[in-house]
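The structure appears below as structure tokens.
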Amino acid sequence: MKLTLQELADLTGGKIVRSGAISEFAGMGALDEAEQLDVSFLGNEKYHQDYLETEAGVVLIPLGIASGACPCDSVALVEVENPSLAFAQVVKHFVTTTRDFIPGVAVGAIVADDATLDISKVCIKAGAIVESGAVIGDGSEVGAGSVVGAGVQVGKDCLIHANATIREQCILGDRVILQPGCVIGSDGYGYELIDGKHVKVDQVGIVVLENDVEIGANTTIDRARFGKTVIGEGSKIDNLVQIAHNVRIGKHCLVVAQSGMAGSSTLGNYVTLAAQAGVGGHIKIHDRAVLTAQTGALKDLKGDMVYKGMPARPLREEQKKLAHIARLPKLAQEVKNLRARLDQLESGQSSE
Amino acid sequence: MKLTLQELADLTGGKIVRSGAISEFAGMGALDEAEQLDVSFLGNEKYHQDYLETEAGVVLIPLGIASGACPCDSVALVEVENPSLAFAQVVKHFVTTTRDFIPGVAVGAIVADDATLDISKVCIKAGAIVESGAVIGDGSEVGAGSVVGAGVQVGKDCLIHANATIREQCILGDRVILQPGCVIGSDGYGYELIDGKHVKVDQVGIVVLENDVEIGANTTIDRARFGKTVIGEGSKIDNLVQIAHNVRIGKHCLVVAQSGMAGSSTLGNYVTLAAQAGVGGHIKIHDRAVLTAQTGALKDLKGDMVYKGMPARPLREEQKKLAHIARLPKLAQEVKNLRARLDQLESGQSSE
Amino acid sequence: MKLTLQELADLTGGKIVRSGAISEFAGMGALDEAEQLDVSFLGNEKYHQDYLETEAGVVLIPLGIASGACPCDSVALVEVENPSLAFAQVVKHFVTTTRDFIPGVAVGAIVADDATLDISKVCIKAGAIVESGAVIGDGSEVGAGSVVGAGVQVGKDCLIHANATIREQCILGDRVILQPGCVIGSDGYGYELIDGKHVKVDQVGIVVLENDVEIGANTTIDRARFGKTVIGEGSKIDNLVQIAHNVRIGKHCLVVAQSGMAGSSTLGNYVTLAAQAGVGGHIKIHDRAVLTAQTGALKDLKGDMVYKGMPARPLREEQKKLAHIARLPKLAQEVKNLRARLDQLESGQSSE
């Protein structure tokens, strides 16, 4: 399990810039917490001071900084292209994630007689419920307390954590991960006001999560009014996100915590919604657009741009706007000065 | 199950504007997805281009547009007052929502001996828990993994989806719907700072959901400190909404996803909170007020108006404010010009 | 159970300002709902009108208001330092919160053979799951449908409400309260973009909730990428809050509903995040800082100050900014006036 400096360089594809006091490493830690036997990394310029003061045995550093200020000589340095990524290899080395995939249906799980699954190849944990007609692909796990609704299809090698809910008929591709407590296929929010009452509009569609999608804890994804709500291949949704009915998210999007998408809105591919952002109903956000935190999109947004503000505007425009607002006190003072000067001029004139 | 053009007109109360290539329809779809045998509808002006290019067999259209540009001749057109509402009838026709209400207590459900329910008239699904003293009305269903706490009263014909939690003593009226994962009756957030520690204030009240209320997935509704938190008859709460202790929501309100109401705030009747809106503690929002998305109400708001911004202001005032901000660069330039002209004038004077 | 006026004064440490029509009280209620036999309290200036019109038998009032306008003579008044706190004593008197701590493992609960707990001293309710290697301290309760993951350590006298999830290896101190549906230890949101795909970065750390922490309903707290996400002693987290991986929250903080903290952000001690606030990644908020509702912190913030706005600024600066914006129409008019006067002056000059 231990790692020599050379093994570390090999593992991370890095280059040893200098050796330190220790030749074999046994663990890992953040710069400000690591000890002599630990590997650490500098993944963010914000932590430069921690880097200089670290007591780690070795630090994975980005290219081009070894020539600048460095921690004391006892700390070895290994240069890598992407320290965060390189460190992920170190984590994999030291921590064998013991996912306890024990095939079979645990005591206390309830699986419908007409569900389709190979009990030698799936793991249904205690307290999980698999309802009538559901299909669970090989290599998939259903966590404790999770509910796989009637007719749901779960692909291969999926990991459904505890207390997640997948309502009837929804479809999960392969290698989908559901964090605990998320809800897939709740009714869309649709009512018609008739005689002063909000009458529920049937929500008869489904949710489709394509291959390699991950859904965060307690996130909610509503089924379509009819047809499908779709999360495209490889897209990753964070915690406490709201995805309304008939939303379509393209491939490889990132939707960060507490953001929300209203009904029938769509994201292209590689779109990023940062935390607490919102997208209005029927709005399209095109490929590779980025909405920064707390941004609210109220109309369609072109791709390949960064947006900010409520309503969302291109980042540079919004920053200019904010700069103008910041200069307002100065502008008001200036106007006051001009008025005084005008007063003077006018009084001069009238006295002529 | 198939539907002729005349049957469609009858079903939706519509008028056949023109026939198309197909006389019998077998399914339904959105304008851009529908095929020759499908019924579709134009429910939002945003989709006009999809309407013109649709390959649906027939489209339900609003009054007054048939005289304008239309899709190709093979597409039949039926004029209706409210296409979305009319389409809901079509959905009902084609999709028999097979809610599997199977009376009885499923294997793997746990019902306390002293709970009150008629097992021939309720549906308690596998993994559901009904605790001591709870009452479940006839026609009500408790979904898999849901917990009905001690002494809870559930009315008639309620539908409690999977993994919902109703804590002790709370009361649900008739025809209440709880989407998966919602929490009814969690403790209100109340502490008193005593000797540097936040000491919990007992939260001994309950939550009352009146008749025909619907609560969205993973929404949380806190029990009152004492007395009741109330969601009034017919009000509909979307997903991931936070309702704090002692809130009172009137009748037929709409509270959209990710909005939140702080302690003791109240809504009148027919109030709308759009997505990600917030209402401060002890604030009253009066009848038929509308808070647009991401709006934050920090003081009481009169009814029958639309509000926007943080802090919330009448929509028109807020729009004017935004227009003034948008003109700031121009204003700054103008002030610069005035100064230059004044400089010139003054130098002319001083040289006289 | 009844309470005389003198007993009420003794219980709350208050002073009888005047007697009313009733000498013994049997219940309690808010000012606008209380009846003759009820105790009420004036906890917030906003309710002064309700106070004047109350029909309560006795009101707990703050110091210094008895000399002003008062409710009618039948209402007794007791002066106390903190009416809300005093009223909490009254609530405790009238409502014996019947927490049904029945030691043992209920039918329908599943406890792993190698879990460590004393069944005579813990309460594992029906439908709860305790996985392999978990430890449950004496006096702790695990609610219906809750999942205590493999190797989790739960301290003494904890109260885990229904349908909560604690993922593997996480650690809870003593007297921790988890409201229903919260998720402790979900994976942090970390991916590296490799060949156009977001590849999951292993999240092998844990969550530590120190003593006397409370976590709100459906709140999510991600496990650290490596190391720990920490919620410090006595901190109270409200509902639907997102705490990302490697966040560190100090002692006695208040994090109100729907606020969120991005990865590796930290709070000092006694920090308050009001509702729907956000803190960006790697940001530090220092001791006793207060972020008002919907505020967004994008850089480190000094302690002992109140912040507002997006981006967050000291409250007074932000208020000045808002005041300047509010005066914009006036400023624009002023500039127009100046221009007109300049036009006149110039035309006077040119005509000379």
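Per-structure values
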quantity: First in the range B:137-148 and under 17 Å from B:ILE110 (Cβ atoms) and within 14 Å of chain C (Cβ to nearest Cβ), second anywhere and surrounded by 24 or more Cβ atoms within 10 Å (Cβ to Cβ) and of a type in the set (Lys, Arg), Cβ under 7 Å, 6 or more apart; calculated: B:VAL142/B:LYS125; B:GLY143/B:LYS125; B:ALA144/B:LYS125
quantity: Residue within the range C:151-164 that is open to solvent by 10 Å² or more (accessible area, probe 1.4 Å) and over 24 Å from the mean Cα position of the chain (by Cα) present; calculated: yes
quantity: Any hit, the range B:64-82, residues being free of Cβ contacts under 8 Å to residues at least 24 places away in the same chain, more than 14 Å from chain A (Cβ to nearest Cβ) and of a type in the set (A, V, I, L, M); calculated: yes
quantity: Condition met for A:ASP174 (of a type outside the set (Val, Ile, Thr), open to solvent by 10 Å² or more (accessible area, probe 1.4 Å) and under 22 Å from the mean Cα position of the chain (by Cα)); calculated: yes
quantity: Qualifying positions in the range B:217-240 - open to solvent by 10 Å² or more (accessible area, probe 1.4 Å) and small (Gly, Ala, Ser); calculated: B:GLY227
quantity: Of all residues making up the range C:133-147, the number that are surrounded by fewer than 20 Cβ atoms within 10 Å (Cβ to Cβ) and at negative phi; calculated: 2
quantity: Contacts under 8 angstrom Cβ, first residue in the range C:99-127 being at the interface with another protein chain (Cβ under 9 Å from one of its Cβ atoms), partner open to solvent by 70 Å² or more (accessible area, probe 1.4 Å), 6 or more apart; calculated: C:ILE110/A:VAL107; C:ALA126/C:VAL107
quantity: Candidates A:VAL148, A:VAL154, A:VAL142 - the one that is touching a Leu at 6+ places or on another chain (Cβ under 7 Å) and either assigned by TED's automatic domain parsing to the domain that holds A:VAL204 or not charged (D, E, K, R) (or both); calculated: A:VAL154
quantity: Hey, C:ASP238 at pLDDT 95 or above, within 22 Å of B:GLN258 (Cα to Cα) and over 16 Å from the mean Cα position of the chain (by Cα) or not; calculated: no
quantity: Segments classed as strands (runs of 3 or more DSSP E), wholly inside the range A:159-271, with at least 2 members that are at the interface with chain C (Cβ under 10 Å from one of its Cβ atoms) and touching a Gly at 6+ places or on another chain (Cβ under 7 Å); calculated: none
quantity: Residue in the range B:5-15 that is nearest to B:LEU77 (Cα to Cα), counting only those that are open to solvent by 30 Å² or more (accessible area, probe 1.4 Å) and of a type outside the set (Gly, Ala, Ser); calculated: B:LYS15
quantity: The range B:298-332: number of residues that are within 18 Å of B:SER265 (Cβ to Cβ), more than 10 Å from every other protein chain (Cβ to nearest Cβ) and of a type in the set (A, V, I, L, M, F, W, C); calculated: 3
quantity: Unique residue being at negative phi, loosely packed, with under 15 Cβ neighbours inside 10 Å and hydrophobic (A, V, I, L, M, F, W, C) when the list is B:ALA312, B:ALA332, B:ALA289, B:ALA323; calculated: B:ALA323
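The values are calculated or read from the model by the stated rules, or taken from the named source; none is laboratory data. The model shown is predicted, which means the values in this text are computed figures rather than measured ones. Note that we place each Cβ from the backbone using ideal geometry, even for glycine, and neighbour counts take in every protein chain shown. Surface accessibility is based on the protein's heavy atoms, side chains included, excluding ligands, DNA and RNA. Shrake-Rupley method; radii C 1.70, N 1.55, O 1.52, S 1.80 Å.
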